[in-house]
1. Compute the convex hull volume of the Cα atoms of the stretch 110-192, divide it by the residue count, and report the result per residue in Å³ as a whole number.
2. If you average 1/r over all unlike Cα pairs in the chain and invert the result, what Kirkwood radius do you get in angstrom?
3. Please list, by residue number, every one of the chymotrypsin sites (Phe, Trp or Tyr not before Pro) in the stretch 73-168 that is coil in DSSP and has at most 14 other beta-carbon atoms within 10 Å.
4. Could you state the number of Å between the C-alpha centres of the stretch 87-111 and the stretch 189-231?
5. Could you work out, for the stretch 136-286, what percent of all Cα-Cα pairs fall into each 5 Å distance bin, beginning at 0 Å and stopping at the bin that holds the largest distance?
6. Please work out, to two decimal places, the log10 of the ratio I(q)/I(0) at q = 0.14, 0.15, 0.22, 0.25 Å⁻¹ from a Debye calculation in which every Cα of the stretch 1-66 carries one identical scatterer.
7. Less than 13 Å from a label point 7 Å out along the Cα-to-Cβ axis of residue 201: which backbone N atoms in the stretch 128-172 qualify, by residue?
8. Please express the shape of the stretch 204-269 as an equivalent ellipsoid: the semi-axes are the square roots of 5 times the eigenvalues of the C-alpha gyration tensor, given largest first in whole angstrom.
Amino acid sequence: MTIKNNAVSLILDAGDEKELEEIKLQFLGKSGTLTLAMKEMAKLPAEKRPEIGQLANEVKQIIEEAITNVGAGFHTQKIEKIQKIDVTEPGIKPSLGHLHLVTQAIEEITNIFENIGFTRVRYPEIEYDWYAFGALNFPDNHPARDDWETFFIDQEPDPKKGPILLTPHTSSGQIREMEKQVEEQKKTGNPISIKMLNIAKTYRRQSDVSHVPMFHQFETLVIGENISITHLKGVLDYFVKSYFGPDRKSRIRPYHFQFTEPSFETDVSCGVCNGKGCKLCKEGWLELGGAGMVHPNVLRNCGLDPSIYTGFASGWGVERVLTMKEGIEIDDIRLLYSNKLEFLEQF
Ligand SMILES: [Zn+2]
């Protein structure tokens, strides 16, 4: 049959799926050649109809099969084309994460202090009142002990060490460290020498654009014979220049803390105006945090003789130094812990 041969040769020559669809219409469509020929069968004598009809159906089936097979071939070609690897094509970069900003800052701070011989320590963040306040020379009625300032754990207080709380500062680590060293001294007889860096989470009942209820502090404690304010100033200036940059200056100014005497606030010269004074700093300085010479009562509470040993301590905020660092401006400190990738990916 010429219809069959015509159709099959056209199908085999088809260049793409679109051409194949046109051939299908040409033969099997409403006005297709085969469709019309089948309609013509009505005019045939009745006895001829079944034989011709069967033949016509066979032709239809052959054409349909040919179309299906050639069509499947086009589909395979398409997939092969997609799967073919073009080695010259630029690759898709896998998205790499990075350490959280706070973790990066903690690592940097640790390196800076380790370079001058400090040892990083960790102490409990769920602590007795004695370590967080009592031994640090806080009077019983100090407002920091208020429910509105500190998170207390709902548990029976220890008869000697008092209620249990979440550490509101890293200074509790000072007491733990001195106690530990005094214990060791009893065994070894060696003089006490402490250069501690305590970085930990601290907890306070606060939450606004510049405060979060959980934040990090880094605490230094240096104890030995003849440790003076000069050592404190030296370490402060070394840290400021290492962390913020060699052009930044540091200063100390008198302040009051329970556990240090004398006490200071420490400042860093503003990186935006270089200490000239601007909208951010007002008078050229940005506040870094507290520091001071360890109070004799605190030394005594840990079993150290203040006539032999002196020392200094400082407690500064990790999030604070991070946001103070040039180039990192964060309007709302709570964003640091929001888990928003759009925010974290900027850094
Ligand atoms: Zn400024």
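1. On the way: hull volume 10.7 nm³, N = 83.
For the stretch 110-192, the hull spanned by Cα atoms encloses 129 Å³ per residue.
2. Details: mean 1/r = 0.0375 Å⁻¹.
In the chain this quantity evaluates to 26.7 Å.
3. Listed in order of number, the matching sites are 148.
4. Going from one Cα centre to the other spans 29 Å.
5. Per 5 Å bin, starting at 0, the Cα pair percentages come out as 2, 7, 11, 16, 18, 17, 13, 8, 4, 2, 1, 0.
6. So the normalised log intensities are -0.41, -0.47, -0.88, -1.07.
7. 166-168, by backbone N distance to the label point.
8. Values: eigenvalues 112, 66, 29 Å².
Largest first, the stretch 204-269 gives 24, 18, 12 Å.
Every number here is computed from the coordinates shown, using simple stated rules; none is lab data. Everything numeric in this text was worked out from a predicted model, so none of it was measured. All Cβ positions, even for glycine, are placed from backbone atoms using ideal geometry, and neighbour counts span all protein chains on display.
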